[in-house]
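Take a look at the structure below.
The values are calculated or read from the model by the stated rules, or taken from the named source; none is laboratory data. Only a predicted model underlies this, so the values are computations on that prediction, with no experimental measurement involved. Glycine gets a Cβ as well: all are built from the backbone with ideal geometry, and neighbour counts include every protein chain shown. What goes into the accessible areas is simple: the full protein's heavy atoms, side chains included, and nothing from ligands, DNA or RNA. Shrake-Rupley method; radii C 1.70, N 1.55, O 1.52, S 1.80 Å.
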Amino acid sequence: MEITGIHATPGYSGFFFDDQRAIKQGAEHDGFTYEGEPVTDGFDEIRQAGETIIVDVELADSTVVRGDCAAVQYSGAGGRDPLFQAEAYAPVIEGPVADELEGRDATDFLTNAELLEEMEVDGDRLHTAIRYGVSQALLAAAAEAENTTRTDVMADALGTEPATEPVPVFGQSGDDRYNNTEKMFVKGVPVLPHALINSVEKIGANGETLLEYVEWLTERSQELGPDGYEPWFHIDVYGMIGEIFGAPYDRDEVVDYFAALEEAAAPYSVQIEGPMDVGDRADQIDAMVELREGLAAAGVDVDIVADEWCNTFADVRAFVDAEAADLVQVKTPDLGGVHRSGQAVRYCEGTGTRAYLGGTCNETETSARACAHVALATDAAQVLAKPGMGFDEGYMIVENEMRRTIARRERDRKQTETDEVTGDD
């Protein structure tokens, strides 16, 4: 079935763009916003409304499917593409991108997605958010044209066998790290709470505030969780352990702190995302290798998760090849096309590194559902609940999309078996 039209409509995403550099340099909260001047190119305020481009793809039978362009909350930081401004980029989608894709066979998802991935306009590759959103629509178009699920289209493109159970969902609490986490305990969320530990105030001058929080997680999970509940604690510290301790990261002081985190979380497992941010990929890899080796030598069983400076497919490969992390976040908007996220998850197969299919609170329900299909197609280690920071909505969107897809695939399988027995086409 032919692609007959592509349309782009600027809209809002599920959260906000934040100038991470300004926040790390000490910008103070002013209610929901921040005081001070932005320091990252493109920002007019330290916190400003998140934007998306709604991409509608028309097919020859008049069907319209959708994808949403999105960029991470901390756009322009850590080696990412610049701040995504929808009004500026919508003409690119309705112009050069539409010219390239209209008239192509919608069922040829991988070829279409790779064409988009390699496309250049005025000598520059398309912004990652454009590749992300348009590829979601291409995935949906292929599924519609083939009357199948997006999971199956992605699995066929990647050569995988989809998961038969929902991938563990990782809930993110935002700054409401107590109330939202209690919601997660009641619902039995398998991986939680993210916790947004992005300042010295939140971690404590010596890490004591985070330790107290982890102790609370352990106690409260046992009080509120369902029978047999064994949560996996995943906390993003935004490089703050590096801020309060500094290098080298294999010395006793740092290792002892991770041992204290392990003890506070017992009997549950804990993984720490972004323990430090040292300014570039090579140095970040070296620092994380140093930390992993120090933890291993001391027998400390805390996993570390790569986030900062692990943005592109090449970055994921570099972290995996260096054995710099127990888990890498595949940050879906930063990878570009959704198939590239799937390929990054697959790259972790057979290594000592697990793949966390992540993303950002600053996405939309459309991009979140698309990622649920990537997670199922690749059987990722975990997948982020998104968008937004309210938890419930994002968890519902991602978990329910996986459940309904698994149920549909099972119905389709049974119908195929019936047709084979009866000889029906």
Under 19 Å Cα to Cα from Lys414, which aspartates and glutamates show up? Leave out anything in the same chain fewer than 8 places away. Glu146, Asp152, Glu161, Glu165, Asp424, Asp425
If you take every DSSP beta bridge fully contained in the chain, what fraction is antiparallel? Give it as a percent rounded to 5. 50 percent
Lys202 accessible area, assembled protein chains, probe 1.4 Å, Å²: 40 Å²
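Normalized C-alpha radius of gyration of the range 64-137, against 2.2 N^0.38 Å? Present the calculation step by step, with values, prior to reporting the outcome.
On the way: Rg = 12.4 Å, N = 74, 2.2 N^0.38 = 11.3 Å.
Here the Cα radius of gyration is 1.10 times the empirical estimate.
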Counted charge near Asn180, where neighbours are those whose Cβ lies closer than 15 Å (Asp, Glu -1; Lys, Arg +1): 0
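Just to be sure I follow the definition: excluding the sites themselves, where is the longest run in the chain that has none of the chymotrypsin sites (Phe, Trp or Tyr not before Pro) in a DSSP loop with at most 15 other Cβ atoms within 10 Å?
On the way: sites that count: Phe32, Tyr178, Tyr229.
After excluding every exposed loop site, the longest remaining stretch is 230-425.
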Any lysines with Cα under 22 Å of the Lys183 Cα? List them, leaving off those in the same chain fewer than 8 positions away. Lys202, Lys386
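Give a quick list of trypsin sites (Lys or Arg not before Pro) in the range 285-348 that DSSP marks as loop, anything other than H, G, I, E or B, with at most 16 other Cβ atoms within 10 Å.
Hits after loop and neighbour filter: nothing returned.
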Expressed as an acute angle from 0 to 90° and rounded to the nearest 10, what is the orientation of the C-alpha long axis of helix 338-347 relative to the principal long axis of the chain? 60 degrees
If eta is 1.002 mPa s and T is 20 °C, what Stokes-Einstein diffusion coefficient results for the range 163-214, Kirkwood Rh from Cα pairs, in µm²/s? 178 µm²/s
Please calculate the 1.4 Å probe accessible area of Ser221, with all protein chains present, and give it to the nearest 10 Å². 0 Å²
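Using Stokes-Einstein with the Kirkwood hydrodynamic radius over Cα pairs, what translational diffusion coefficient do you get for the range 129-180 at 4 °C and a viscosity of 1.567 mPa s, in µm²/s rounded to a whole number? Don't skip to the end; give the middle numbers.
Values: Rh = 13.6 Å.
Using the Kirkwood radius from Cα pairs, D works out to 95 µm²/s.
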Mind pulling up the Rg/Rh value for the chain? Radius of gyration and Kirkwood radius, both on Cα. 0.98
Might you report the magnitude of the Cβ-based charge dipole of the chain about its Cα centre, with Lys and Arg at +1 and Asp and Glu at -1, to the nearest 20 debye? 600 debye
Note down the net charge around Val278, summing +1 for each Lys or Arg and -1 for each Asp or Glu among other residues with Cβ under 10 Å from its Cβ. -4
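Using a Förster radius of 22 Å, what is the FRET efficiency between Asp30 and Asn206 based on their Cβ-Cβ separation? Nearest 0.05, please.
FRET efficiency, Asp30 to Asn206: 0.20.
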Residue-normalised accessible area of the range 247-402, expressed per residue, 1.4 Å probe, Å²: 30 Å²
Tell me, what is the percent relative contact order of the chain, built from C-alpha pairs under 8 Å that lie six or more residues apart? 17 percent
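Which percent of the accessible heavy-atom area of the chain goes to carbon and sulfur, probe 1.4 angstrom?
Details: 7380 of 17010 Å².
The nonpolar share, carbon plus sulfur, comes to 43 percent.
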Listed by chain and number, the aspartates and glutamates with an alpha carbon less than 15 angstrom from that of Lys331, same-chain partners under 8 positions apart left out, are Asp81, Asp236, Glu273, Asp307, Glu308, Asp315, Glu363
How much accessible area per residue does the range 1-151 have, in Å², with a 1.4 Å probe? 42 Å²
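Among rounded, prolate and oblate, which fits the range 279-384 when a ≥ b ≥ c are the square roots of the eigenvalues of its C-alpha gyration tensor, a/c under 1.5 means rounded, and a/b larger than b/c means prolate?
Details: a/c = 2.06, a/b = 1.77, b/c = 1.17.
It is prolate, given that a/c is not under 1.5 and a/b is the larger ratio.
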Compute the acute angle (0 to 90°) between the alpha-carbon long axis of helix 392-422 and the principal axis of greatest extent of the alpha-carbon atoms of the chain; round to the nearest 10°. 40 degrees
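Report the full-extension gain for the segment Glu253 to Asp99: residue separation times 0.36 nm, less the Cα-Cα distance, to one decimal in nm.
Working: separation 154, 0.36 × 154 = 55.44 nm, distance 5.80 nm.
Stretched fully, the Glu253-Asp99 segment lengthens by 49.6 nm.
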Acute angle (nearest 10 degrees) that the helix 208-224 long axis makes with the longest principal axis of the chain, alpha-carbon atoms: 60 degrees
